[in-house]
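The values are calculated or read from the model by the stated rules, or taken from the named source; none is laboratory data. If you're wondering where the values come from, they're calculated on a predicted model, not measured in any experiment. Virtual Cβ from ideal backbone geometry, glycine too; neighbours counted across all protein chains shown.
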Amino acid sequence: MAKASDFAGKKDDELFYVVEYSPEEAERIGYSNYSYWGSVLRNFLKNKIAVFFLILFLILVVFSFIALAIGKYDYATLVPDTAPAFTTPNSEFWFGTDNLGRDYWCQVWYATQISIRLALIVAVGECVVGVIFGLIWGYVRKLDRLFTEIYNLLDSVPYIIYMTLIALMVGQSFTIMAVSMIFIGWFQTARRVRNMVFMYRDREYNLASRCLGTPLWRVLTKNILPYLVSVIILQTALNIPYTINMESTLSYLGLGLGIETPSLGLLLAKVRTFFLDYPYLLIFPASIVSIISVSFYIMGNAFSDAADPRNHV
Amino acid sequence: MNANFEPHAISRRTFLKGAGAVGAAGLLAACGGSNSTSSASGATSGAASAPAASNGGAPLTEIYSYESNVRELEKWNVLYSQNASDFNVLTNCVDGLLSSDCYGKPVAAIAESWEHNEDSSVWTFHLRDDVDWCDVNGEVKGHITAKDFLVGTEWVLNQYKNEASNTSMPTTTLLGAQEYYDYTVEQGDAAANLTYQDMLDHGVGIEAPDDYTLVFTCKNPCPYFDTVAGYVCFYPASEDLINELGIEGFRAATYAEMYYCGPYLIEEFVQSNTKSFVPNPNWYGADDHSRFERVVVTMLTDVVTGYQLYQNRELDEIELTESTVTQIQNDPSNEYNDQMCERQPKKYSYQFHFNYQRFNDDGTPDDNWNKAIANTAFRQCFMKGLDLTRYFARTNPINPLKCENDYYTMRGVCYNTQGVEYTSLVGKKMGYGAYDGETMIRLRDNGGDIADLKKQAMDELSAIGVTFPVHCWNYILSSNATQQDSAAVLKQAFSDCFGDDFIVLDTGEYVSSLTQEVINAQRESYASSGWGADFGDPINFLGQETLTDANAYYSWNYSNIAKVYEAGPADWQADLIDIYKQFEQKVHDADAIVDDIDARYDAFADAEAYMLQNALTMPALYEVMLALTHINDYTKINAMYGICNYKYVDWQTSEEAYTTEQYQEFEAAYEAAAKA
Amino acid sequence: MLKYTVKRLLQSLITILIAVTVVFLLMRMLPTDYYFTEDQLMKFTPEQKQAALEAAGLLDPMGKQLVRFYGQLLHLDFGTSRRIQSGLSVVRVIGDRMGVSLRLGAIAFCISWFCGIIIGVAQAAFKGKFIDWLGTVYTVLVNAVPALVMYSLVLVIGSNVFGMPTLYSTRNVGPSSVLPVICLSMASTASYALWMRRYMVDELTRDYIKLAKVKGLSYSQIMFRHVLRNALVPMVQFMPQSLLLTISGSLLMERFFSVPGMGPLLTDAIQRYDTSVVQTLVMFYAALSIVGIFLGDLLMMVVDPRITIAEKGGNR
């Protein structure tokens, strides 16, 4: 304890000085043996259904590689042959054959890999770009107008126009598709984040935090972001089925991926004309799409529940 | 017909009729007639002579048909439009001088009779005196005389008024038409005030000595002018209506404003959804032809829905896709198993047009391909070695070889004075046999064995530095599953027939426009394209392939041989250019024969045979589709040129669906009658 | 507030203008051959093409075209369609179709908000119970199956099993609208239910709910007085926008059922390079979405007074 005599004869400057901001010290208050992500994981693992779907999805991904390896036909060397056209699944053709008598098994699994890759890349890309811009948009009031204008501009020109023009001028490939889907999708996430930031920005604890001189990035990442994690994760998880869905719509319009990259969307758009007569052609890709989508819905919801700090006590 | 199916079909039908709020059962006897296939004059009385439809089913009084929704109507003005999809609608609303019969020969419409002078350069048409204009409600608005045809021709030739649509046929055939067109271009906006009198004063070769006579004078003798005169560029136009609506207004007049003189009026038009037609009460042909009480054309996005609709009897005909055909064929108990009818070929003769000046994507010439394709033996390998049976099966899985096309000119475009069809003359010169349903006709010579030709081509080409395999680029519409599959099938055919050491087929994609993205950039090795005739003479086909003519469409745009010749061909193209020169000479010689139709066609057949022997292009495909139908296609107008094929007049229909067998009988009867 | 509104609307007007200028320029970056049909490209001579382009004013310098375009906009002249319905004014082309889309869309909107909120609330109220599970299965399945497949199934089942008319028909509007409306509302019901449940569950864990429980409020009181009202705040923001956007129709559904609505119009117009229609549609959609967002913000402020949007001094 300092005694009063210690301060005698000293000037105010020496008595009071500004303490440097220290992240470690800031965490010290209310410190407990609490790890946010650890709790999230624990809570998530408690949800048996979600864990089941997580495992199911992982199995699907792994199996898509195994399936291609053990299949009797290789995608690259498929040959059209009218004789076995529309063969229903049997021991030779495990998923039957398509209208040109090509093995459907390797087509479906090959397409599965491409679809999953595209969906993950797009969802993660949209999430990263969207969250960064959303936080800045919501928090920094001066930028609100600018971002709103950009949002309006992007949002008010229908994506079909962008997709058509990109396809016409740049071409069609996996990378172009992924980039353009992120380009037309990120601002939806950003807007949702912005709206949430609006709701939390002026709460009292943030006011206090600002008064204490916490830097902007820290307010954003430590005070606001955790509240948003659940919503962001849900949005990202939902983006995955949405991307697959949109890709099939674009394929239907002729703006999808090129022929070298057969996605599930392309497959669905194609067999849609046959499925009344040969349901198996639709059932296999549709069930895989459904498994992927269902997995992400369930996982997304469970993870977002788990990510809510208020559930952690 | 399947017993379970019938009640459902009837209830659906009545349901629709009730909703349409027209119960016109009483008119059934008067209008639901049909015509025998021998109505060559096109003027038999439908109502009087209507026999029971040949399969015992009652004739339909209303027809429910469909159209693909990418083929929606865009323009209502028949003079202004240039799209087949518009004409398919408009032919029911307006008539021209002539129409066609089911064999494709010109027959009377507004003109009752016609004749020409000795060298076929002056043509006189005698018009009916009972043709009226009426509006969309069927109210008579005016009387059609020769003057309306003058007004129409002036409109087409006036660049200000018609914006250059449909000018190519009158300017190439009619005396003074090109000059008058150029004059209107010069005049600019002032051309708005020109009238048909100005046109006559400029010496355009069209005149009206009296109200019901029209005389055309051609630039050069034109033995096929009757087939030109039936085209839209010579359709009538009402001066009153032009004055009433103004030039802009007339050009853009829709079904609600325009005047009608054809068999039907538009009852309802909902864009990209439905069009319905009702009979025009004032139509001059009402007593001589049978019509339906209502025709409804639904726009379809998708063939799947089409088949669905047919099953519900919301449609009376549907073309079948591969999967449906396979499904029906493999299931003997399927109610449609014996009802799959083979339609007549569509009016396009598809060719693989080789590109003699291919560019790579980066704009550099692809000389490996250009050298190879300039070699005659190399081209003949395509002609004599490429078995396309599986490719044909994509169009017609049951009888793929019915789709085989061995000629450049479309079958049925013209007949000589003995009634012999033109392409059969070519066939004789080529030594082609008859359809046997087993092998392609042109491969029979050597059984498709091209080992010698291949060796010759490889030796000759290796000598000038061509590397093998030669890559052949084929372009398809991006993400179009049907074209993708066809490309896969073709690739396999190339591999099987040529061997991977010789020619390999590569597939590229375009996003929206084949012409814009591929043809103009000359990126394709060959492009599949079908020419639809403008008029009934071989020159309309062969004239597209000549070396130097300015209007040789394919030479300039697809094979690019005209460009090669203009820019100066390379050494290795010398042989090719020689062949083209000879071919062009033969075509020009044939075209100069104007007084003897038989000799003319024979000379053309000679030129075409020369072209095919040297494989300047490769004939590919006729579209012979399979359909389920209640309509006898062989009673439809079936002209290879003009706009009349979709006129809903004199069709034979039946409440019972036609069977495969019946259609085969129709076909046999039709062919017998066509030869007679 | 009024000042803010006026200012914001004016700024939106500029946004729309910028958007339509961008589209105008983008459309004109394409080569002119795109303005013709393949039929026309085949039969037109170069002079004919030139003449047609000139007549349509497409060969003028870009600046002149833009000035003319703005001039027309000032007179509220949106031009005439070139390809969709040649010569018809764009307003008429759009007007004919808007009614159809709006009618179907509004019905579907009511159904899906009503059902979506009920399902969402029920799920949240019985979280973890059978109803929650059932609702999740529905939302998940509807969203998991691609729309193309779902519409095919609705079409086949609706027409084969229930005998509904397959395609939309103006002669038979009532029955033939059933399948399109079902398709439209299925997906949006699921998404409303999903978000409703999410916001409700978020709200249920709040401290004030604990307080309310302690105070002895009944469960239903808590649910309806507190949770529902708070959870509706983020929901209502999307309400005006989604209602307004029904006017623009559904691309896939309208194609599928041949509904003569707004949905496929834009793609058709782009594919046919009908520039006036594309520009007008973009302007129209932009206006709809901007008005929608604005109304959404207003509505959000009304239901939750804590939220402010207008810029005030003092805050950063």
Inset, instruction - Take the residues in region C:126-180 that are charged (D, E, K, R) and away from chain A (no Cβ under 11 Å), then tell me which one is nearest to the chain's Cα centre (by Cα). - result: C:Arg171
Inset, instruction - State yes or no: is B:Tyr64 modelled with pLDDT of 85 or more and over 16 Å from B:Val295 (Cα atoms)? - result: no
Legend entry - Criterion: basic (Lys, Arg) and either more than 9 Å from every other protein chain (Cβ to nearest Cβ) or in contact (Cβ under 8 Å) with a residue 12 or more places away in the chain (or both) - qualifying residue of C:Arg255, C:Arg272, C:Arg306: C:Arg272
Legend entry - Matching helices (runs of 4 or more DSSP H) fully within region C:161-253 where at least 2 residues are aromatic (Phe, Trp, Tyr): C:173-204
Legend entry - Residue under evaluation B:Gly536, criteria (1) modelled with pLDDT of 90 or more; (2) part of a loop (DSSP other than H, G, I, E, B), criterion not met: (1)
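For a quick check of your reading: which helices (runs of 4 or more DSSP H) sit entirely within region B:563-676 and have at least 2 residues that are free of Cβ contacts under 8 Å to residues at least 40 places away in the same chain and in contact with a Phe, Trp or Tyr (Cβ under 7 Å, 6 or more places away or on another chain)?
The qualifying helices (runs of 4 or more DSSP H) are B:574-592.
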Legend entry - Among residues of region B:151-170, those that are under 20 Å from B:Phe87 (Cβ atoms), touching a helix residue (DSSP H, G or I) at 6+ places or on another chain (Cβ under 7 Å) and within 14 Å of chain C (Cβ to nearest Cβ), counted: 11
Legend entry - Single unsatisfied condition, A:Leu253 versus (1) touching a residue at least 24 places away in the same chain (Cβ under 8 Å); (2) within 30 Å of C:Trp133 (Cβ to Cβ); (3) at the interface with chain C (Cβ under 9 Å from one of its Cβ atoms); (4) not β-branched (Val, Ile, Thr): (2)
Inset, instruction - Any chance you could count how many residues in region B:317-344 are free of Cβ contacts under 8 Å to residues at least 60 places away in the same chain and over 28 Å from the mean Cα position of the chain (by Cα)? - result: 8
Legend entry - Complete set of residues in region B:56-99 that are within 12 Å of another protein chain (Cβ to nearest Cβ), touching a residue at least 40 places away in the same chain (Cβ under 8 Å) and among the small types (Gly, Ala, Ser): B:Ser68, B:Ser81, B:Ala84
Inset, instruction - With respect to B:Asp148, determine if the residue is more than 14 Å from every other protein chain (Cβ to nearest Cβ), modelled with pLDDT of 90 or more, in a loop (DSSP other than H, G, I, E, B) and more than 19 Å from B:Phe535 (Cα to Cα). - result: no
Legend entry - Some residue of region C:75-92 being outside any loop (DSSP other than H, G, I, E, B) and of a type in the set (Phe, Trp, Tyr): no
Legend entry - In region C:141-158, the residues that are touching a helix residue (DSSP H, G or I) at 6+ places or on another chain (Cβ under 6 Å) and in contact (Cβ under 8 Å) with a residue 12 or more places away in the chain: C:Val142, C:Asn143, C:Ala147, C:Leu148, C:Tyr151, C:Val154, C:Gly158
Inset, instruction - Quick one: in region B:171-185, of everything that is farther than 16 Å from B:Asp534 by Cβ and touching a helix residue (DSSP H, G or I) at 6+ places or on another chain (Cβ under 6 Å), which residue is surrounded by the most Cβ atoms within 10 Å (Cβ to Cβ)? - result: B:Tyr180
Legend entry - Failed item, numbered, when C:Gly95 is tested on (1) assigned to a helix (DSSP H, G or I); (2) within 14 Å of chain B (Cβ to nearest Cβ); (3) surrounded by 15 or more Cβ atoms within 10 Å (Cβ to Cβ): (3)
Inset, instruction - Give the residues of region B:115-137 that are assigned to a loop (DSSP other than H, G, I, E, B) and exposed (fewer than 15 other Cβ atoms within 10 Å of the Cβ), sorted by residue number. - result: B:Asn117, B:Glu118, B:Asp119, B:Asp129, B:Asp130, B:Asn137
Legend entry - region A:151-183, subset more than 10 Å from chain C (Cβ to nearest Cβ) and crowded, with 22+ Cβ neighbours inside 10 Å, residue farthest from B:Ser478 (Cα to Cα): A:Met181
Inset, instruction - Give the number of residues within region B:296-322 that are within 8 Å of chain A (Cβ to nearest Cβ) and more than 23 Å from C:Leu252 (Cα to Cα). - result: 1
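Please return the ranges of helices (runs of 4 or more DSSP H) entirely within region A:130-218 where 3 or more residues are in contact (Cβ under 8 Å) with a residue 60 or more places away in the chain.
Qualifying helices (runs of 4 or more DSSP H): A:159-169, A:174-201.
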Legend entry - Count of residues meeting criterion [part of a loop (DSSP other than H, G, I, E, B), of a type in the set (A, V, I, L, M) and under 13 Å from B:Cys381 (Cα atoms)] in region B:413-471: 1
Legend entry - Yes/no for C:Ala193 being within 30 Å of C:Ser159 (Cα to Cα) and more than 10 Å from chain A (Cβ to nearest Cβ): yes
Legend entry - Only listed residue being within 10 Å of another protein chain (Cβ to nearest Cβ), among the polar types (S, T, N, Q) and either in contact (Cβ under 8 Å) with a residue 60 or more places away in the chain or more than 30 Å from C:Gly79 (Cα to Cα) (or both), chosen from C:Ser242, C:Ser248, C:Ser185: C:Ser248
Legend entry - Residue tally, condition among the hydroxyl-bearing types (Ser, Thr, Tyr) and over 27 Å from the mean Cα position of the chain (by Cα), over region B:483-506: 1
Inset, instruction - Would you point out which residue out of B:Gly188, B:Gly152, B:Gly203 is in the same structural domain as B:Tyr235 (by TED's automatic domain parsing) and either buried (at least 17 other Cβ atoms within 10 Å of the Cβ) or among the acidic types (Asp, Glu) (or both)? - result: B:Gly152
Inset, instruction - Return the residue satisfying two criteria in turn: it lies in region A:266-313 and is within 7 Å of another protein chain (Cβ to nearest Cβ) and part of a loop (DSSP other than H, G, I, E, B), and of such residues it is nearest to C:Leu204 (Cα to Cα). - result: A:Asp308
Inset, instruction - Answer yes if at least one residue in region B:523-545 is out of contact with any Phe, Trp or Tyr (no Cβ under 9 Å at 6 or more places or on another chain) and of a type in the set (A, V, I, L, M, F, W, C), and no otherwise. - result: no
